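Only one structure is covered here, and it is reproduced in the block below.
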Amino acid sequence: MAKIKKRFVAGAKCPKCGAKDSILLFKENNIETIECTDCDYREQQTDIAVPKQAAGNMIGVFKPE
């Protein structure tokens, strides 16, 4: 089984417990997933929630709080 590469999201706050810098981002079965290291919060991004990509050279979608 391949090891899942997880990375912290700097400055992110957990929607459940409010802990800052505790959110991990990783892909599980090709689905973007976030989880909190301080509580049991976990969320997966479904196809419906994925924004449509613009044409051209785009690195990523940034949505500040």
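Below, the figures for the structure above:
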quantity	calculated
Net charge over other residues, Cβ less than 10 angstrom from the Cβ of Thr33 (K, R count +1; D, E count -1)	-1
The range 1-47, relative contact order [Cα under 8 Å, separation at least 6], %	28 percent
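Coordinate-derived values only; no laboratory data. These numbers were taken from a predicted model, which means no experiment stands behind them. Heads up, the Cβs are rebuilt from the backbone with ideal geometry, glycines too, and the neighbour counts pull from every protein chain shown.
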